[in-house]
Amino acid sequence: MTAIRDDVNNAAIIGVGFGLAFVVVFLIFILEAWSMKLDDEVTMERRPTPPSLSTYRDEQAKKLGDYGWVDQGKDQVHIPITRAMELTVADLARK
């Protein structure tokens, strides 16, 4: 009976396997980073531009000094802050 000769280079097979595994993991990281970048770009396109701080402060100051509806269906209104403070002081003085 003749012996079967083993000419397989185990080190080369293991090296190729590790190399392919490294390439696959590297590609996964690259594709994931690319996907996140695309998601961020899409999110930025859909996000409305926020108003400037001065515009926001002007709107809030107008609300604080003006009468208006909060929810007309529920009959909720907002009143100027100075009037609200006057009513609160008068209410506390009666107690």
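The values are calculated or read from the model by the stated rules, or taken from the named source; none is laboratory data. Only a predicted model underlies this, so the values are computations on that prediction, with no experimental measurement involved. Positions of Cβ are backbone-derived with ideal geometry, glycine not excepted, and every protein chain shown enters the neighbour counts.
Residue pairs whose Cβ atoms lie under 6 Å apart, separated by 6 or more positions or on different chains, with the first residue in the range 71-87 and closer than 18 Å to Gln60 by Cβ and outside the structural domain of Gln60 (by TED's automatic domain parsing) and the second surrounded by fewer than 12 Cβ atoms within 10 Å (Cβ to Cβ) and at pLDDT 90 or above, do not occur.
Within the range 84-94, not a single residue is in a loop (DSSP other than H, G, I, E, B) and modelled with pLDDT of 85 or more.
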